[in-house]
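Read through the structure below, which is laid out as structure tokens, and then see the notes.
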Amino acid sequence: MKKKTLAVVTAILILCSLLFCGCEININLPENPSENSSESSSESESSQSGVVSPGKRPFNPEISEPIHENNEDPDSYESLINTLYYTESVFGEAFIGYIEGPMGTGYEEFFEERGYLEKYPFIEEIPYERYVETNGNEMYCIVPRDKNSSVSVNEWKSSPTGGSYGKILYKSDSGEPFIITCNEDGSNPNVKIVIVDSDGNVFEFSPYFNSQLGWLEVYETPEAHSYDFTVYENSTDNDILVFEDLLGDWAGFYTTPENKEVQFHFNFYRGAYGEPCVTFWYGEDYGVYKEYYEGYAYEQYDENGDFTGSLILELTLTQGTNSAEKGPILLMSTYEFRRAEWDKNWIVVSRTGGGNLLEEYGLGWFEMAQTMG
């Protein structure tokens, strides 16, 4: 009996010593069979939305490569990749400017004049092998977020029914950034870029700079969007608006391809306790809400405490003709509010991440003016 008692005490002392010494004791538990069931897997995949080719997995930022760790002094390329992950953008695109003559080396002065050597110096390091030349004088830089993407640039012939592909001008099995000149006719893009990420998601777009508005038309679908990193002429950080700049009512209009006029309104105000409040509504009949949201707007800051230039909108759908079908739902999105270059009384609102307030119409950006009274 004494030997048995001594053995039990000894075992307890050994266990305690292991615990106090910080040793790990691994206990293997049986796996949850539901986690590996084909039924659970299929439900998970079917609940995700995205731009997909047949049999491919849909795009989902949460299952993509994690965001890159910030170095003490990350280069401009890695910083841009971080921004693409942070804003859930599938690629970045920038309108560098109008060029003259054939492409080639020696664009350092042009890049410098446009402000890219200061803000995105990696552009100067793009080798000539990744320059794509077509008819046109609009120069763009394209940066896929997924470095393992495959890229192709194709001729594109516009037509009233949509358009058709021509020959392949450039092909790469990596997602490295590249430069392209295109668009001989500014109103009709003449190339189609296809990016396929490592999950098989397909993104097709034509870079297009709206010269009348002075703004890059970014890629926007209900499932994915791009990030505009254009360095705009004569623009400063003062052009980007913070919450205090937006206090009041703002209104804008959009005409659909079916000639329906859509009105949309923002109202920014301080709540009873000083909280930053916002309402947003839109409709096709004046005064009739199709969707009405209310909630809060917060200025977005990065890990270093610097303002990113975007506002986080935390809104709940509460009223409108669609609310009965959808029910009260929470929409989290980020938008940049910038003074329009052509008229400082107008602002350009562009989506930089999260949900889309005007998803029904595929509008990732729109113009608004402050209402009087």
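Ranked highest first by average number of other Cβ atoms within 10 Å, how do 120-127, 77-84 line up?
77-84, 120-127
Fewest Cβ neighbours within 10 Å first, please rank T255, T161 accordingly.
Least crowded to most crowded, the residues run T161, T255.
Quick one: if the Förster radius is 56 Å, what FRET efficiency do A272 and K119 give, using the C-beta to C-beta distance and rounding to 0.05?
Numbers: r = 41 Å, r/R0 = 0.74.
Computed FRET efficiency for A272 and K119: 0.85.
Only four residue types carry charge here, +1 at the Cβ of Lys and Arg and -1 at the Cβ of Asp and Glu. Report the dipole size of the stretch 235-368 about the Cα centre in Debye, rounded to the nearest 20.
In total the dipole reaches around 240 debye.
Which ³J(HN,Hα) values, rounded to whole Hz and listed in residue order, are derived for the stretch 253-258 from phi using the Karplus coefficients 6.51, -1.76 and 1.60 in 6.51 cos²θ - 1.76 cosθ + 1.60 with θ = phi - 60°, glycine and proline given as x?
Along the stretch 253-258, the couplings run 9, 8, 9, 6, x, 8 Hz.
What spacing in nm lies between the two simple spin-label points modelled at E341 and S164, each 7 Å away from Cα in the Cβ direction?
3.6 nm
By per-residue mean of other Cβ atoms within 10 Å, what is the highest-first order of 263-275, 190-202, 162-174, 290-302?
190-202, 290-302, 263-275, 162-174
Of Y232, I195, S152, which is farthest along the charge dipole of the stretch 152-244 in the positive direction, counting Lys and Arg as +1 and Asp and Glu as -1 at C-beta?
Value: S152.
Once amide H atoms are built 1.01 Å from N in the peptide plane, which residues 5 or more positions from I312, or in another chain, come under 5 Å H to H?
Y298, E299, Q300
Quote to one decimal, in nm, the extra length available between I99 and N135 on full extension: 0.36 nm per residue of separation minus the C-alpha distance between them.
That pair, I99 and N135, stretches by 11.8 nm at full extension.
Place the peptides 176-184, 338-346 in order of packing, highest mean first, counting for every residue the other Cβ atoms within 10 Å and averaging per peptide. Don't skip to the answer; put the middle values down first.
On the way: 176-184: 20.8, 338-346: 13.8.
So the peptides 176-184, 338-346, ranked by packing, come out 176-184, 338-346.
All of the numbers you see were taken from the coordinates with simple rules; none came from a lab. Nothing here was measured: the structure is a model prediction, and the numbers come from that model. Note that each Cβ is placed from the backbone with ideal geometry, even for glycine, and that neighbours are counted across all protein chains shown.
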